[in-house]
Structures are given as C-alpha cells and as structure tokens.
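Accompanying notes for the structure given below.
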Amino acid sequence: MSIKPIILADNWSLSLKHAPEGAEVPETIRGVKIPAKAPGSVYTDLLVAGLIEDPYVGLNELKTHWIGKCDWVYETEFHVEASVLGEARVEAVFDGLDTIADVSINGQKIGLAENMHLRYRFDAKPYLREGANQLTVHFYSCMVHAYQVEQEVGERPIGGIGTNEPLPYNMIRKMACNFGWDWGPRLLTCGIWRPARIEAWSTARVQDVRPLVTKADENDAVVKVHVDCDRAESHDKQADHVQVVCTLYDPDNREVARRDAALHADTEMMELHVDKPRLWWPIGYGDQPLYRLHVEVKDPAGQAIDCVDKRIGLRTVELNIEPDAQPYDKMGGLIQGEAFEIKVNGQRVYCKGANWIPDDCFPHRVTTDRYRRRLDQAIEANMNMVRVWGGGTYEDDIFYDYCDEKGLLVWQDFCMACACYPEEQPLWSLIEAEAYDNVARLCSHPSLVIWVGSNECIWGTFAWSAFGDIRTEEKLTWGEKYYLELFPKVLKDLDPSRPYWASSPYSGSMDRHPNDNEYGNRHIWDVWGSEGCSYYNYLSHYPRFLSEFGFQGPPTWPTLSRAIPEQERQWFSETSLHHNKHKSGQERGLNLLRDSFVVPESFDDQVFLASINQARAITLGSEWYRALSPWCSGVLFWQLNDCWPVSSWSAIDGDGRPKLLWYGVQKSFRPRLMTIKPAAVTPSGEDVGQLAVYLHNDHHEPWADTLTICKMNLQGQTLDTLSRPIEVEPRDNQRICLPEDWTAGPDQFILAELDQAVDDDKAWWFHKHDYEINYLETDLKYVLRDEKDGGQTLIVTSNVVVRDLCLLADRICESAEVDQQMVNLLPGDLAIFRIYCNKHLTLDELTREDVLRCINTVVRSQSDKSSALQHA
Ligand code: BMA
C-alpha cells in the first residue's frame, strides 16, 4: 500500500436513530450518544455504557429484544492529509458490516451494505476533503428488513430454532443463530463487526492471493498462485507495466521458488515448483511445516506498491467417494455403498472432532487468545477436525491460521442452515458475492479441507414436516441451485483444489435420501429427538461419516451459577428453562437420565448425573463409530462450544470451561482406542448379546501388546480371565470377540487391559443400567500434595470398585482446572488428579461432598431412600 491506511477503530459514537411504535425503548437510550467501538456492536456498546444489563445473565435477554427492532447510527470523525487525496483511489474498507447499512461520508451516501458475510470497499474519494471528515454508518433493523424481503419473494419454511418465536432469518445475510437457536439467545445486534479503515492507493493493489496446491508428494510440489488485482483505472496504461512477483520461502526462511509476471488481466497465475517439499499433515499424521508466500506488486520504476504474505502448507486433499462393499454390520453380509473419506497427501484420515458454533453471540469479542484457547481445547481433546457450522459465520483468519499451525482440519459450511433459501433476488446475488468472497479469502489455508453447501437444508426438504413438500410439489425455490450449481461453480472458478459436498447431511445424489447410512455423511438425531430412545441406539447406526450427533448436558457449576441466580437453581425454574433453548430440552434431559438412573431429588445431583449422562452418551457413540472404521471414516459430535451460558449439547460451556463430556471425548479420541462394545448390533437395534473388544489404531506405528480381559465383580474380584497378544496395523482396526457366555448379572462388569498401557487406559463395560447395579459403599483415602509448578495433586484410592470419580474443583474456586474426570477405580488403584488454581485449595475443600463425587454415592443414596420408603 503506498500510503498507510487510516484505521477507524476507537473514536466512534453510537445513537438510536429510529424506534418503531411499540418498541420498548428505555428512556435512558433516547437522544444520547454513547462511545462506541469498531469492531463492535450495538449490544456490546450499550453494555459497556451501562445502558443494558448483561443479556447472558438471568432473564435479561428478554428485556433486550427491542434492540433488534430499531435503527442505529455509528459516527466517527477522522483526519485526511492532502497526500491521501493525491492517490488515484481512496476507499472506505469494511471487513464486515452487520448487516443492512447505509455508509455516508460528510453527509453523502457512498454505499449500501446488505451482507454480514461480505467484505465491502466503497469509493470514498469524491466525498472526502482535506482535514476533518465525518463517516456515518446507519444500520437498519435486520428484523424489519427480513420481513420486507419475505414480502417481496414470498415466505419459505425454516427449521425449529429454539424457544424464541420464528423470524425469517433466511431472508437476510446475517449469521442465522443471532436470531436465536436451540442453544442460542435472540440478540439481534448490528454494528461494524470486523475492522474498518480508509485505504488510499494508485495504479494497482492486491485484492486476494489464491495459492492452490495442485500437487504435493515427497519429490515435488506445484503451487498455482493466482493473484487477483485491482487497477486504479480499468484502462490504466501504467498498470500494464506493473509486475507481480511471487516468492516462496521454506519454513527455515530460505527462498525455494520465485516467478514474476506482467499484470495484464485482473488475475495473474504463476506456477511455483518446489523440489523435495516438506509436506503439511493433519495433527497425528505428521508435521505442519508452513511456507511463506510473498507477493509483491511493483510499479514500472520497480518500486513495490503493494504486498501480501500468505502462509501455506504443501499438501493435497481429496474426498474419496468410490463405490465399495464392506461387511459393515460385522455380521457377514456385504453391503454396497460409497466411501466418504478425506485424504490428505493420498492418506485416508479418520476424522475425530466436533462442530464449531460462533464462540460468542457477538463474534467480534472473540480475541486471538480466545480463538486459540478454544482450538487448543479441541486439540487437547485429541480432535483432528472441527466443522464450522453453516448457521454461524465464516470465521476470522485467526481461526484458520491457528488450525494451519496445529494441523487441525477444518470442514467449512457455506452459511446456510436449517431453512429453505429463496433463489430470487436480492438473495441470489448476495449469496453469490459472499461465496466468491469467502472462498477467495480462505483458500490459502491448508487446514481447510472441504467446503460444504449447507447445514441440513437438503435433508429438511426430504424429512421435515415443517418444510412441507417444497421440493416435490410447491415449485417454490428453496436453495437447491445454491448447493448443486452456484457453490460448485464458485469453487471451480476460484479453488478447484478442494473437495465440495452439497450439504450436511447429503448422500451424493438427489435420488437418495440425504441421511442415508451407506452414502455420504450423516446426522444422527433420533436419540436426542425421539421420545423413549436410549443412547444405546447409537449402536444401531452405521454411517460412512457422521458429521453430527448430540446429547445435552448442563454447563459447569461456575458458569451455571453466573447465569442462574441461587433461588432459581432448580431444574424446571423459569431461568433454568430460559437457559436451555431447546423447546423441551430440560424435559428431554431428565427423561434421558431415567434410562440409566433414578432421577435424584437435589438440583446438584441432577446437574451431576445429567453431565455424566451426556459424557457417557457421546463417548459411547464416538467409540462405536471409530470401531466401525474403515466403513466409517469420521465422527464429529454436536457441538464443541457454546456462545453463552446454557444447557446444550456442547463439550465446552459458554464461559469456556470443559464439561465432563470434554474429558470423556479426550479419552474416546486418543490415538489408540480400546473399547468394549457389543460384538454386533442389528440395524433394527438388537444387540446380539455377545461383547467384543475393539481396537482402533489411529497411529502410524503398529500396535502390539498383550490384552487381558477380566470378568469382575464390584469388590474387584476377578471371576474369569482371558489373555492374548494383539497386533493392529497402523490406521487399522481389530475386533476380538468375547465368549458368548461372558454377559452376566448386574454386579459384574468386564475390564480389558493392555500390558504396556499408560495411565488408566482400560476399557470397562457394565452390563446393566446404573439403577440396577448394587454399587458398594466407598471408603476413599486421599493424599494432597503441593507441586513445584504451583499446582496441586490429589491422590485418591478406594477399597471397592468406584465408577466415574470426578473432582469438581471449580465448585470451590471458579478458576480451578483439573486434568481428568470420570475415573473408574479398582480397589487399590490410584486416581491422580492434577489441579491448577489461582488459590491454594485445602484437603477439606477438595473432598467436600459436592466436589469429590462418584456414581456409587449418588446411586446408593437413591437406593437407600427407596428401601427406606419400602420399609415405611
Ligand atoms: C443440528 C444442528 C443445529 C442444531 C442442532 C441441535 O441439526 O445443525 O441446527 O442446533 O442440531 O438441535
């Protein structure tokens, strides 16, 4: 850039522009100008000014719904030097405006924004003057706008999006979940949600750099670098003499390739060859060397007038959907289908991970540190993939940068979710521009391995009653052309190096049901969605790739207590219901608890057991779908994170604390998984009665060990033992069936152990539901140790078998973190909990009844109560 951009960040003010009749605008808001920020939004500016209460707390959300009905104005003043005006082009640049906004300079309109997911660049030069200038961004109510578009193009169905009454979010290009979702509040904000600035330049500038890796193996790699440039004037003779130079540096900063070209067209392509490249791999499959691509635009005098740096990874990616036949039900018969395998550098990757939703209802609050922390949490839980779900946004570059560094694969949905989207104008052009813009912006990231057209938008038209017969009967547009024509075309034009899939779920053809078992990817929602369906039902499914299945659980205690005042801490209180956005979420949670437990009376116990239940459900499913490899090539559960404090399907709650589920999947996703599951389950859900040990070796080295399987009782006595060597090839699976008569009574269980296992790498299988098991009373012994690194260690032993021992240290201090949870113990085993906290914790605190908890105690207290009742 010839001149430093003028950053428009701090000096903003915000005021209410217009409130429709009936909007309950507090008097304190009218006529005032408050300090504002860019990036920022109306909600967060009002919050900082103390004019609204935190919408994440209690029932406050409901008191803020007027905000989304109003128009708002952001204003700022900035100084322009004469040199700026001397450049051929001066532009007001917005990386993100949320959503419908008129932009004016010195009282004259310079442009209209209509899409939150689009970068905007408006010509500002004719309106600017030397010295002080005013910039105004007038945001119109997105609700009013959505209804207007709906009137123009006609109503289209949307899916159930939680407890707020439906609004036509499919009529406006704003992150859908901001309208409220079945885990998210309705906080219809607006604002300058990504950075804004004034840029001045002459001759030419780089708009995007698209480095497409078309070949990468150990001998050489080919990167086709497409440089999209803007010229100051389309027939500018000067620009014809502009040179574009691309230089590639290896991870040690040594130049490995260089090409240049004269800028003749808007895009110049230069092919770079790298000898003996260092390949980029997903985490768990190799390293993540990043090369630096430096692109420079030079004027005829050889002066650099613009430059862009991109970090790229040399790797190829493909989606294998070859027809195949496999013994998927483990019962002998070959089933026909098609694979759904992500291959990086030709190597099939078993994808383990979760779905990502916006980490905050106000995404501009997600700082670099917070992004990294969240993604680290995914990595620490042994995930290698996150799916950026289509009801949110195309995330900030920081997100993908970090995934590139860490080798965390990204599945990116286009931002279309759970709705029929009209193909008419103005939506068509907005979605088209958005798709081109985001593919161009994100295609340098090696971590991004697949683009997917939508979330459930095709499935809905096959299976959801709310969608009626829109696909077959009504002849209304519903979005098919986006998924089957527009998005594939955008990728063909801008990035043919990456696979595309029309939707999640989708089966590869409109002639098949999109949620088919044998083809494409699947969502499994019958456990959560159908009355009376136990989570053992996960075992009756045989997906090729599972991109969603979920089970709710409460947030951790400190998060819950921040959001729900003490007097409201009951399962069905108004505030608890408010902090579960699924219409019958609280009720479903308790019903699903009944499958394994008697529902306890105290709220504390309910929260504890519901958290355990969530973890057990998703780990059961995750381990089963890994056991189904190679038939199944991936398992992503719903959902990694939350955007506010809520009971939801997440593994990490709205304040960023890991729930018990997170600890559960950390075990289920470890590279070498040993698990006990039924030897087979028929697709109708019948367990064949026999058990098996499954080993999934998601590792590049063979796995050789000695396996011991024991039949045991709750005193920890071994009733029977089997032992045999195992050898599992790299990235392979093995099933070892147990004798048919190794299913036994309520107070027995099966334990599998490996000789060389580390930590508590054991697999357990309890034959019965918890309420049928006579857990023994525990007499735990403890030692607390202070560690040199400032942490503490609590060591716990037991005299009897203990199930799901948890150390809920965040009940004592909200900053406390513990390294493991849900530990099963045999008599004499040690549970070693490492604790990190900004305060020293005492043994008395750590062994409190509500802190050190296990299933034995809760289930026993229930059976004590029921036997007391029987006596009475
Ligand atoms: C899935 C998602 C979300 C939703 C979740 C839980 O289908 O795609 O739309 O939040 O289910 O119901």
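The values are calculated or read from the model by the stated rules, or taken from the named source; none is laboratory data. Not measured: the values here are computed from a predicted model. Because the Cβ atoms are built from the backbone with ideal geometry, glycine has one as well, and the counts that use them run over all protein chains shown.
Details
- Residue-level analysis places THR619 outside the set of residues that are modelled with pLDDT of 95 or more, hydroxyl-bearing (Ser, Thr, Tyr), more than 18 Å from ASP804 (Cβ to Cβ) and within 20 Å of the chain's Cα centre (by Cα).
- Checking LEU484 against (1) away from the ligand (no atom under 13 Å from the Cβ); (2) in a helix (DSSP H, G or I); (3) buried (at least 17 other Cβ atoms within 10 Å of the Cβ), the condition it does not meet: (3)
Matching residues to (1) of a type outside the set (A, V, I, L, M); (2) out of contact with any strand residue (DSSP E or B) (no Cβ under 8 Å at 6 or more places or on another chain); (3) more than 15 Å from LEU628 (Cβ to Cβ); (4) modelled with pLDDT of 95 or more:
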| site | (1), (2), (3), (4) |
| --- | --- |
| ASN517 | yes, no, no, no |
| GLY520 | yes, no, yes, yes |
| HIS523 | yes, no, yes, yes |
| VAL527 | no, no, yes, no |
| PHE549 | yes, no, no, yes |
| THR556 | yes, no, yes, yes |
| ARG562 | yes, yes, yes, yes |
| TRP571 | yes, yes, yes, yes |
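- The sole residue among SER611, SER622, SER596, SER561 that is of a type in the set (Ser, Thr, Tyr) and not in a helix (DSSP H, G or I) is SER596.
- Any hit, the stretch 396-406, residues being outside any helix (DSSP H, G or I) and within 16 Å of the ligand (Cβ to nearest atom): no
- Criterion (surrounded by fewer than 19 Cβ atoms within 10 Å (Cβ to Cβ) and within 30 Å of ILE67 (Cα to Cα)) met by exactly one of ASP369, ASP376, ASP359, ASP324: ASP369
- The one condition in (1) at pLDDT 95 or above; (2) closer than 30 Å to GLY689 by Cα; (3) of a type in the set (S, T, N, Q) that THR247 fails to fulfil: (2)
- Condition broken by TRP571, with the remaining ones in (1) touching a residue at least 40 places away in the same chain (Cβ under 8 Å); (2) surrounded by fewer than 23 Cβ atoms within 10 Å (Cβ to Cβ); (3) closer than 19 Å to LEU660 by Cα; (4) away from the ligand (no atom under 16 Å from the Cβ) satisfied: (1)
A quick yes/no check of all residues on (1) modelled with pLDDT of 95 or more; (2) within 16 Å of the ligand (Cβ to nearest atom); (3) surrounded by 20 or more Cβ atoms within 10 Å (Cβ to Cβ):
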{"residue": "LEU135", "(1), (2), (3)": "yes, no, yes"}
{"residue": "GLN148", "(1), (2), (3)": "yes, no, no"}
{"residue": "PRO166", "(1), (2), (3)": "no, yes, no"}
{"residue": "ILE172", "(1), (2), (3)": "yes, no, yes"}
{"residue": "ASP182", "(1), (2), (3)": "yes, yes, yes"}
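- Taking the criterion of being within 16 Å of the ligand (Cβ to nearest atom) and either buried (at least 24 other Cβ atoms within 10 Å of the Cβ) or assigned to a loop (DSSP other than H, G, I, E, B) (or both), the residues of the stretch 517-526 that qualify are GLY520, ASN521, ARG522, ILE524, TRP525.
- Which numbered condition ASP54 fails, given (1) buried (at least 17 other Cβ atoms within 10 Å of the Cβ); (2) touching a helix residue (DSSP H, G or I) at 6+ places or on another chain (Cβ under 8 Å); (3) in a loop (DSSP other than H, G, I, E, B): (1)
- Of all residues assigned to the stretch 644-665, at least one qualifies as being within 16 Å of the ligand (Cβ to nearest atom) and of a type in the set (Phe, Trp, Tyr).
- Checking every residue in the stretch 428-437 against the condition of being away from the ligand (no atom under 16 Å from the Cβ), under 26 Å from ILE100 (Cβ atoms), of a type outside the set (A, V, I, L, M, F, W, C) and without any contact (Cβ under 8 Å) to a residue 12 or more places away in the chain gives at least one match.
- Note on the stretch 727-816: enclosed strands (runs of 3 or more DSSP E) holding 3 or more residues that are under 30 Å from GLU845 (Cβ atoms) are 781-786, 792-797, 802-807.
- Apart from one condition, ALA339 fits all of (1) modelled with pLDDT of 95 or more; (2) on the phi > 0 side of the Ramachandran plot; the exception is (2).
- Some residue of the stretch 686-698 being away from the ligand (no atom under 16 Å from the Cβ), within 24 Å of the chain's Cα centre (by Cα), among the polar types (S, T, N, Q) and surrounded by fewer than 22 Cβ atoms within 10 Å (Cβ to Cβ): no
- Pairs with Cβ under 6 Å, 6+ apart, first in the stretch 536-552 and away from the ligand (no atom under 16 Å from the Cβ), second in a helix (DSSP H, G or I): ASN537/VAL527; LEU539/TRP624
- From the options PRO505, PRO446, residue that is touching a residue at least 24 places away in the same chain (Cβ under 8 Å), over 18 Å from ALA176 (Cα atoms), within 19 Å of the chain's Cα centre (by Cα) and within 16 Å of the ligand (Cβ to nearest atom): PRO505
Per-residue answers, yes or no, for (1) under 25 Å from PHE179 (Cβ atoms); (2) in contact with a Lys or Arg (Cβ under 7 Å, 6 or more places away or on another chain); (3) aromatic (Phe, Trp, Tyr):
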| position | (1), (2), (3) |
| --- | --- |
| ILE6 | no, yes, no |
| VAL25 | yes, no, no |
| THR44 | yes, yes, no |
| ILE52 | yes, no, no |
| TYR56 | yes, no, yes |
